[in-house]
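The values are calculated or read from the model by the stated rules, or taken from the named source; none is laboratory data. Keep in mind that what you see is a predicted model, and the values were worked out from it rather than measured. Cβ atoms come from the backbone with ideal geometry, glycine included; neighbour counts cover every protein chain shown.
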Amino acid sequence: MKSGFEMNDKLVIVRGGGDIATGTIYKLWRCGFPLLILENDYPSSIRRHVSLSEAVYDGTAKVEDLTARLVTTTDQAWKVIQKGEVPMMTDPKCHVLDDLCPYALVDAILAKRNLGTTRKMSDITIGLGPGFTAGVDVDLCIETMRGNNLGRVIEHGSPLPDTGTPGVIAGYGKERVIHSPAAGIIKASRKIGDIVKKEEELALITTQSGEQVPVKASLSGLLRGMIRDGYPVTEGFKIADIDPRESEYENCFRISDKARCVAGGVLEGIMYLAKRRVR
């Protein structure tokens, strides 16, 4: 199959469009790389205002000055790239690789396990976070655990395993993340950017039996993330994120420091491998 992508040998495919993936996409886009995002049919991003994955539902999504646009064909994708935007396709199994040979492929799903990425998918393959081993299923890994090694490029071995505990902000760790108390359909009572108080109702979960189960704030602060209305959640599913720092309102709408740091590692990894392979 012929497409406009044959005109450009630097296409980067990014699996995933959540908030950390969006940081990587944004940095690569700013550096001039043409990109294609591959998402699943029902993304579950919490930090929706900084996640390009929302384009799956709305057709387009804008984070800072970058717009992602949902497409269904590679020809459409190339036209979007020519407009200075980033195309997105719902293709969790990467079937588009039957037609494309990307310069690099980045697995930014952050599933804590490998969902099918292999080194055969591209000349350069990079995996974010735990679940990957550099030199085995990807060429390089990027550390996603907060701390001194955040964003470090790993050439041999794997990132630190998932602890299940979010990074500490203003003395709060696991309390910051809210999980669904029941299985059902969620409807938010508050919106991202709202100041909420501990024990305040954030959302309602309507169960299969029709019962409405309230979701309550675990602490007072800024509602930084909330899964979109109508999403079918399971019990224990991550659905919201609270920042105890009420002064950080603007950060609800900007790529995070963590995402930018990880993105720097991805850019370094691509450039490092490109330089090494030219020698």
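Quick check on my filter: what residues within region 98-114 are surrounded by fewer than 22 Cβ atoms within 10 Å (Cβ to Cβ), in contact with a Gly (Cβ under 8 Å, 6 or more places away or on another chain) and either farther than 24 Å from Trp29 by Cα or touching a residue at least 40 places away in the same chain (Cβ under 8 Å) (or both)?
Leu110, Lys112, Arg113, Asn114
Each row is one residue, and each column tells you yes or no for (1) free of Cβ contacts under 8 Å to residues at least 24 places away in the same chain; (2) surrounded by 21 or more Cβ atoms within 10 Å (Cβ to Cβ).
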residue	(1), (2)
Val136	yes, no
Arg146	no, no
Pro161	no, no
Arg176	no, yes
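Would you check if Gly264 is in contact with a Lys or Arg (Cβ under 8 Å, 6 or more places away or on another chain), farther than 21 Å from Lys198 by Cα, in a helix (DSSP H, G or I) and not assigned by TED's automatic domain parsing to the domain that holds Ile195? Break it down into steps so the answer makes sense when it comes.
Working: in contact with a Lys or Arg (Cβ under 8 Å, 6 or more places away or on another chain): yes; farther than 21 Å from Lys198 by Cα: yes; in a helix (DSSP H, G or I): yes; not assigned by TED's automatic domain parsing to the domain that holds Ile195: yes.
Judged against the criteria, Gly264 is a match.
Would you check if there is a residue in region 247-259 being of a type in the set (Val, Ile, Thr), more than 19 Å from Lys187 (Cβ to Cβ), in a loop (DSSP other than H, G, I, E, B) and within 19 Å of the chain's Cα centre (by Cα)? Outline the logic, then answer.
Step one: of region 247-259, the residues of a type in the set (Val, Ile, Thr) are 255.
With the extra rule that they be more than 19 Å from Lys187 (Cβ to Cβ), the set shrinks to 255.
Now restrict to residues that are in a loop (DSSP other than H, G, I, E, B): 255.
So of that shortlist, the ones also within 19 Å of the chain's Cα centre (by Cα) come out as 255.
Yes.
Checking Leu204 against (1) touching a residue at least 24 places away in the same chain (Cβ under 8 Å); (2) surrounded by 14 or more Cβ atoms within 10 Å (Cβ to Cβ), which test does it fail?
Result: Leu204 passes all but (1).
Which strands (runs of 3 or more DSSP E) does region 111-227 wholly contain that include 3 or more residues that are under 20 Å from Asp19 (Cα atoms) and assigned by TED's automatic domain parsing to the domain that holds Thr24? Write out each step before concluding.
On the way: elements: 124-128, 140-142, 177-179, 184-188, 201-206, 212-216, 221-226.
Because the criterion is at least 3 residues that are under 20 Å from Asp19 (Cα atoms) and assigned by TED's automatic domain parsing to the domain that holds Thr24, the strands (runs of 3 or more DSSP E) in region 111-227 that meet it are 124-128.
Being touching a residue at least 12 places away in the same chain (Cβ under 8 Å), of a type in the set (S, T, N, Q), under 21 Å from Met145 (Cα atoms) and out of contact with any Cys (no Cβ under 6 Å at 6 or more places or on another chain) is the requirement here; does Ser256 meet it? Step through it out loud before you land on a result.
On the way: touching a residue at least 12 places away in the same chain (Cβ under 8 Å): yes; of a type in the set (S, T, N, Q): yes; under 21 Å from Met145 (Cα atoms): yes; out of contact with any Cys (no Cβ under 6 Å at 6 or more places or on another chain): yes.
For Ser256, the condition - touching a residue at least 12 places away in the same chain (Cβ under 8 Å), of a type in the set (S, T, N, Q), under 21 Å from Met145 (Cα atoms) and out of contact with any Cys (no Cβ under 6 Å at 6 or more places or on another chain) - is met.
Looking for whichever is in contact with a strand residue (DSSP E or B) (Cβ under 8 Å, 6 or more places away or on another chain) and not polar (S, T, N, Q) here; the options are Gly193, Gly210. Which one fits?
Values: Gly210 fails: in contact with a strand residue (DSSP E or B) (Cβ under 8 Å, 6 or more places away or on another chain).
Testing whether each residue is in contact with a strand residue (DSSP E or B) (Cβ under 8 Å, 6 or more places away or on another chain) and not polar (S, T, N, Q) leaves just Gly193.
Which of the residues belonging to region 228-279 are modelled with pLDDT of 95 or more, within 30 Å of Asp9 (Cβ to Cβ) and among the charged types (D, E, K, R)?
Those that are modelled with pLDDT of 95 or more, within 30 Å of Asp9 (Cβ to Cβ) and among the charged types (D, E, K, R): Arg260, Glu268.
So which residues in region 56-69 are crowded, with 21+ Cβ neighbours inside 10 Å and among the hydrophobic types (A, V, I, L, M, F, W, C), if there are any at all? Talk me through it step by step, then tell me what you get.
Residues of region 56-69 crowded, with 21+ Cβ neighbours inside 10 Å: 56, 61, 63, 68-69.
If the condition is that a residue be crowded, with 21+ Cβ neighbours inside 10 Å and among the hydrophobic types (A, V, I, L, M, F, W, C), then Val56, Ala61, Val63, Ala68 are the ones that fit.
Examine region 216-234 for a residue that is buried (at least 16 other Cβ atoms within 10 Å of the Cβ), closer than 24 Å to Gly127 by Cβ and not small (Gly, Ala, Ser), and state whether such a residue exists.
No, every residue in region 216-234 fails to be buried (at least 16 other Cβ atoms within 10 Å of the Cβ), closer than 24 Å to Gly127 by Cβ and not small (Gly, Ala, Ser).
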